[in-house]
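A short reminder: the numbers here are calculations on the coordinates, not readings from a lab. What you see is a predicted model, and the numbers here were worked out from it, not measured in a lab. Neighbour counts are summed over all protein chains in view; Cβ atoms, including those assigned to glycine, are modelled from backbone coordinates with ideal geometry.
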Amino acid sequence: MAMLGKRRPNRRRSGVSGLQRQATPPPVVGEDATAPVIERLAHDGRGVAHAADGKTLFVAGALPGERVEAAVHRARKRYDEGHVRTVLEASPQRVAPPCAHYARCGGCDLQHLSLTGQRTHKQAVLVDLLAREGIELAEPPLLLAEPDTAYRRRARLGVKVDGEGRLHLGFRERHANRLVDIGACPVLVPRLAALLGPLRQSLERLEAPRCVGHVELLDSDGGAAVVVRQLRESPADRERWQAFGEAHGVAVGHWLGRESPEFAWLTPPPSLHYVLPGGPGDAPLRLRFAPGDFVQVNAAVNRRLVATVRDWLAVPAGRTVLDLYAGIGNFSLPLAADGARVTAIEGHPAMVSRLADNARDNALTLTAEQADLGDIAAVSALLETHAPRAVLLDPPREGAEAVCRALTARPVPVVAYIACDPATLARDAARLVHGGYRIARAAVADMFVHTSHLESVLLFEHPERQPLSQGT
């Protein structure tokens, strides 16, 4: 079933998760391989080499031009997967990772590559994926980037008590189904990083620490919050969490229950929100959100992304924009502040309500509606009803295949597509290009510094439709 909105569903989780969720490989098979020179980086940041018999080897932690000794931890029929055991000849792009936990922690996977190298790689990934679909960009993608540390305003820490009663708090270990105890994390914003030590101490004092699956840390312009995932409640632990919140100046809430957890604040509710520039009369826009809502993890890069989309669309006052997968209004509100007539579409009722509240709180007029964006007929009806001059898409990782099918059947002058998965973006871009659109602009946003993940944005124009500056 297609994901209808950008609110994360409340589902059962393993309690082992972190900055980057990775599939856990099986144990090392015990085969060492001295790889030839690493030829290039795969899209996921692993080095690619070929053995003497031609078999491909993907090596985590290896860089182009290097020769490494690799430990193979997964043997396949057509390729092997491994990780660096020893660097025999290092690349000039290799740097010392800024995190003491990097050798084991699976949260980041590119800290060994220079910042310039990381960003060049991400731009190349987008170009390559589009080229595989037969799409050539007229010029390299624009790079939207900010500082490389202390950027992450949201993180989920796994919690586990082992057989000897020791508590572990951290992120999943690379190549293993274990937690790496984290004492510090350079990518977390300072307010969240400062909570790691006190949070561990608080968990160790709980009456029922085994009932805690994970802890989510949230930072906002209105303060920070700690959200605990608990299988069952302990009155004594409720008081301990309340004391923790009071002592450290943070709000504390919990998701309680196994099958269908319910959320409640254990402390007075915080004002979770973030600010974007460019509201009515140059006042800042304030966007409220709740635990579980989708919010970009990198505030500075998100501001750059929003500003870029506003600049690219340059919607004249009174023209109609359809914002699909609108979330809490990250793009809808700024476009409405620019004078566009915005209809924002979400799949989750709570998000529709939150979006409407955010518009009202910022004295903006827009229409917020609920619709199934995985239903081609529903999307086609939206295009028919609203006749937009521009459509903005910011879908989840699954992409927006149904929306793109509808957009090829009923073209609009301009489409701005923001994507967190470049592979599904390339797939959907191919459908739009084959349907008569052309890519006018492209950008890569380094939203997840030190990881292989990237955010991309493409601007499509349809030459057979009226330009944006004409019509209604």
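Structural remarks
- Residues GLU346, GLU384, GLU173, arranged from fewest to most other Cβ atoms within 10 angstrom of their Cβ, appear as GLU384, GLU173, GLU346.
- When each of PHE244, PHE294 is scored by the number of other beta-carbon atoms lying within 10 Å, the sequence from fewest to most is PHE294, PHE244.
- Pairs of Cα atoms farther than 13 Å apart, segment 31-105, %: 63 percent
- Using a cutoff of 8 angstrom between alpha carbon atoms and counting only pairs six or more residues apart, the relative contact order for segment 31-105 works out to 27 percent.
- Proximal aspartates and glutamates relative to LYS160, as straight alpha-carbon distance under 20 Å, when same-chain residues fewer than 8 apart are discounted: GLU173, ASP181, GLU204, GLU207, GLU216, GLU233, ASP237, GLU259
- Considering only beta bridges that DSSP places wholly inside segment 31-105, some 80 percent are antiparallel.
- Label-to-label distance, nm, for residues given as THR116 and VAL37 (7 Å Cα→Cβ offset): 2.0 nm
- Order of LYS55, LYS122, LYS77 under a 10 Å beta carbon neighbour criterion, fewest first: LYS77, LYS55, LYS122
- Equivalent ellipsoid semi-axes - Cα gyration tensor, the chain, angstrom: 37, 32, 19
- The chain: relative contact order as a whole-number percent, Cα under 8 Å and 6+ apart: 15 percent
- Estimated from helical segments only, the mean residue ellipticity of the chain at 222 nm is -7000 deg cm²/dmol, where each DSSP H run of four or more residues counts as -39500 (n - 2.57).
- Computed FRET value (nearest 0.05) for ALA236 with GLU89, which takes r as the C-beta separation and R₀ as 51 Å: 0.35
- Stretching ARG438 away from GLU204 to a fully extended chain increases their span by 78.6 nm, per 0.36 nm per residue minus the current alpha-carbon distance.
- Relative contact order, whole percent, for segment 306-351 stands at 43, derived from Cα pairs under 8 Å and 6 or more residues apart.
- Kirkwood hydrodynamic radius of segment 116-220, Cα pairs, Å: 16.7 Å
- Shown here for segment 148-180: trypsin sites (Lys or Arg not before Pro) in loop regions (DSSP other than H, G, I, E, B) with at most 15 other Cβ atoms within 10 Å, namely ARG166.
- FRET E, pair ARG78, LEU137, Förster distance 41 Å, beta-carbon r, rounded to 0.05: 0.85
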